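First up is the structure itself, then whatever we jot down about it.
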Amino acid sequence: MTRPRTSARVAINAWMVLLTCAFAAALVLAGPGVTAAHAVSTATELKVTIDAVSPNVVTPGAEMKVSATIHNPSAADFTGDSSLRISRVILQTSAQIDEWRVAEPLSDAGSILRTAPITIAAGNSTSIVFSVPSTELGLLGTSDGLGPRGIAVDVAGSMDEVSGRLGISRSFMIWQPLAAEATPAINLTIAAPITSPLSDVPAQTEAEGRLSRVIEASAAGTAISWLVDPAVVLTASGKLPPNLLDTDRPATTPASTAWATRLTGLAKGRDVTALPVFDGDLGVLGRDPAAPEASSSLTRETQAIASGWHTNIGLPAESAPAKSILQDAYRLGIDTVIARSGYDVISNPIDTPGGVTQVTHDRGETKVLVADETLTDAFLASGDDSPAAATQTLLAELVVIARQNVDFERSFLIAVPRTWDPDVAITQAMTQAIESAAFVNPIGLGALSAEPVEIVDRALPRASKRIERLRLTASDWSSLVASAKRATDFAIIADNPEALTAPLTDAVLLASSVSLLRNSEARDDAIPGIERASEELIGSQDVIIGSDVNLISASGLLPVTLANRLDQDVTVNVSLVPDQARLIAEPVTGVRVPAGSQTSVDIPVRAVGSGDVHVEVRLVSSAHRVVATPASFEVRVRADWESRGTILVGGLLALALIAGIFRTIRRGRASTRTTKGPGQELGRA
């Protein structure tokens, strides 16, 4: 959110600003050793750094101490004066804060509070401390006095024929005239992602690695909420299950294991959100078709470290997510989304609105936590700033907003990018100051997401064309999901299906990672690699058949050989599918095929006619899905040959019997004709 510049309060106090500036200018011109007519020589300029402003917020009765270091880079000794200055004008807008911070070296630096002589040897530095009781600051003691004032430490003198102001450092002091309970306050959330390409995790978790600096910068308190990719923690601890896309993952180191242990320990007292595993892109995971489920081993390990973390807050890949991204996130159960930019307020309100808004879309309503870009920029101070200067700038920005929210307790968000590489000293100084400031109430990201929505007209951002060009296309995503589904459907034939599918399904989730948006080579390799692995898995079962078969009976057994190239046993059902009704086959269920071997199966068939039949052999899972490429062969069905043969053989046997009987009868008759009977013989005698 780009903060609107307030104008009403500036107009009301315009006369005070003009009078004070005129008075300050007169004091500057009358000040010792500063001549505006002389320019500051770049070659002989003295470098001034404000090292500390203590306390960060000055209250009545306190003593303000400002410490500074002055460096003389020249080849000659320097003797002159150093002064602590203050501009008593209340800075009421972010623009005024910027104007003071980046003012030219010879621009107005306010009234002198203290001056001290200094001598610095050539090439050396000196430190100086100014102490000023609050009673000598000359600031308002009423509620209207709350706010930042510009302060400066400068050096004046002569060097190489150049005289006047030779160096200056500007910062801010925060004046809080009333007690904490009478001081207006705002809620503030700081959200920091802990993500990384998995291949970089060992290096980034070393002592001087980026992720180590993120943890170290956050460890001083609980002001910083984390958005953690569980896969990063699992990779660091060596507990991430293997998948197809990270086979070249660097080995876990003692430093990375210690980092993971420290993170999980610190997370117990901190507001933490678990991002989708592998920091999945919401604009991909929320599309049709739905993403495959993570393997049970990955889910189990993720739940072990992320128990109690929020899961309904999303961090899109784009800093200004469009409504379509909110819809995609909502489908994943993410009803709150962070916007690091965009969602600018359309009108120009007097007060700075808070960072909690809501967008209605086709699937429901999504809360959008809009980061304040001014506060975020102040928090992301570069290493060129001292911790004190960076801290006082951030506090100045915060107290300006608090002044505008006297009647409200609005909530604001600082959201750093995924690549945040903090200066540990600066970040720790900032968070400690925030936690002790009466006008700031640090709250976690979860508490911010529960804050009521502030009704303010905002401009909805358009879809990011740059991110869309980098993002997985809809067709690529559909192809990946389809490959995972085919593999999952196939793997149920194995004794341990997940051992086969986990590396593949987890790889699909990894392919959706935000880190791959900027690694087109890895992303482009992921798609064919996953598809190839799926096809190899599905092609691990073969049906081996011989030559065509003759079936000459009404029923019989057809032999089929099954080959399993997996490293575990499978159980399949075998079916024959004839293309004609002349042959009826009975399925054979529960066929076990040992790992890496072959098994023969006899399939019962029954013929109800004769003719040539084309038969397809199918291996089917228990879910009735074909799990291998079908094989086919021809069966020559001659079901009537058996009956015809039986009749023929029976007829031949009958003929043989009749022939035998006939021959026997004929032989009997012939014998009767040639033998004399007793009667005849007896008659002749």
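The values are calculated or read from the model by the stated rules, or taken from the named source; none is laboratory data. Remember, predicted model here, so these are calculated numbers, not experimental data. Positions of Cβ are backbone-derived with ideal geometry, glycine not excepted, and every protein chain shown enters the neighbour counts.
List of remarks:
- Of the residues in segment 355-362, at least one is of a type outside the set (D, E, K, R), assigned to a loop (DSSP other than H, G, I, E, B) and buried (at least 18 other Cβ atoms within 10 Å of the Cβ).
- Filter pass, residue 314 being at pLDDT 95 or above, under 22 Å from residue 481 (Cβ atoms), crowded, with 23+ Cβ neighbours inside 10 Å and assigned by TED's automatic domain parsing to the domain that holds residue 195: yes
- Residue 114 at pLDDT 95 or above, among the basic types (Lys, Arg) and closer than 18 Å to residue 401 by Cα: no
Yes/no per residue for (1) at pLDDT 85 or above; (2) closer than 27 Å to residue 535 by Cβ; (3) small (Gly, Ala, Ser); (4) surrounded by fewer than 18 Cβ atoms within 10 Å (Cβ to Cβ):
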site	(1), (2), (3), (4)
571	yes, yes, no, yes
580	yes, no, no, yes
592	yes, yes, no, yes
619	yes, yes, no, no
628	yes, yes, yes, no
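- Among the numbered conditions (1) of a type outside the set (Phe, Trp, Tyr); (2) part of a loop (DSSP other than H, G, I, E, B); (3) touching a residue at least 60 places away in the same chain (Cβ under 8 Å), the only one that residue 152 does not meet is (2).
Residue by residue, here is whether (1) closer than 24 Å to residue 472 by Cα; (2) of a type outside the set (Lys, Arg) holds:
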| site | (1), (2) |
| --- | --- |
| 522 | yes, yes |
| 532 | yes, no |
| 550 | no, yes |
| 554 | no, yes |
| 559 | no, yes |
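- Check on residue 311, among the polar types (S, T, N, Q) and more than 27 Å from residue 230 (Cα to Cα): no
- Checked against the criteria, residue 442 counts as touching a Leu at 6+ places or on another chain (Cβ under 9 Å), closer than 30 Å to residue 432 by Cβ and either outside the structural domain of residue 591 (by TED's automatic domain parsing) or in contact (Cβ under 8 Å) with a residue 60 or more places away in the chain (or both).
- Answer residue from segment 363-400, given it is touching a strand residue (DSSP E or B) at 6+ places or on another chain (Cβ under 9 Å) and part of a loop (DSSP other than H, G, I, E, B) and is farthest from residue 48 (Cα to Cα) among those: 372
- Qualifying residue in segment 78-89 (condition: modelled with pLDDT of 95 or more, in a loop (DSSP other than H, G, I, E, B) and surrounded by fewer than 19 Cβ atoms within 10 Å (Cβ to Cβ)): yes
- Matching residues in segment 225-238 - criterion: being under 18 Å from the mean Cα position of the chain (by Cα) and either surrounded by fewer than 19 Cβ atoms within 10 Å (Cβ to Cβ) or not polar (S, T, N, Q) (or both): 226, 227, 228, 229, 230, 231, 232, 233, 234, 236
- Candidates 202, 276, 292 - the one that is in a loop (DSSP other than H, G, I, E, B), surrounded by fewer than 24 Cβ atoms within 10 Å (Cβ to Cβ) and not assigned by TED's automatic domain parsing to the domain that holds residue 507: 292
- Filtered by the rule that a residue be surrounded by fewer than 16 Cβ atoms within 10 Å (Cβ to Cβ), more than 30 Å from residue 143 (Cα to Cα) and either in contact with an Asp or Glu (Cβ under 8 Å, 6 or more places away or on another chain) or of a type in the set (Lys, Arg) (or both), segment 417-462 gives 459, 462.
- Pair list, Cβ under 6 Å, 6 or more apart: segment 204-226 residue without any contact (Cβ under 8 Å) to a residue 12 or more places away in the chain, other residue among the polar types (S, T, N, Q): 204/196
- Scanning segment 509-534 for residues that are within 30 Å of residue 616 (Cα to Cα) and without any contact (Cβ under 8 Å) to a residue 24 or more places away in the chain returns a single hit, 532.
- Members of segment 457-486 that are closer than 19 Å to residue 299 by Cα and of a type in the set (Gly, Ala, Ser): 484
- Single residue of 143, 111 found to be surrounded by fewer than 16 Cβ atoms within 10 Å (Cβ to Cβ) and not charged (D, E, K, R): 143
- Condition met for residue 529 (outside any helix (DSSP H, G or I) and either surrounded by fewer than 17 Cβ atoms within 10 Å (Cβ to Cβ) or at pLDDT below 95 (or both)): no
- Residue 141 meets each of the listed conditions (1) within 49 Å of the chain's Cα centre (by Cα); (2) at pLDDT 95 or above; (3) under 20 Å from residue 60 (Cα atoms); (4) not in a strand (DSSP E or B) apart from (2).
- On the stretch given as segment 220-267, residues that are closer than 30 Å to residue 536 by Cα, among the hydroxyl-bearing types (Ser, Thr, Tyr) and part of a helix (DSSP H, G or I) total 1.
- The residues of segment 146-170 that are at pLDDT 95 or above and of a type in the set (Asp, Glu) amount to a single one, 154.
- Scan of segment 161-184 for residues that are surrounded by 19 or more Cβ atoms within 10 Å (Cβ to Cβ), of a type in the set (Gly, Ala, Ser) and under 44 Å from the mean Cα position of the chain (by Cα), ordered by number: 169, 171
- Boolean, residue 480 is of a type outside the set (Asp, Glu) and surrounded by 18 or more Cβ atoms within 10 Å (Cβ to Cβ): yes
- Test for residue 463: is it under 26 Å from the mean Cα position of the chain (by Cα), aliphatic (A, V, I, L, M) and not in a helix (DSSP H, G or I): yes
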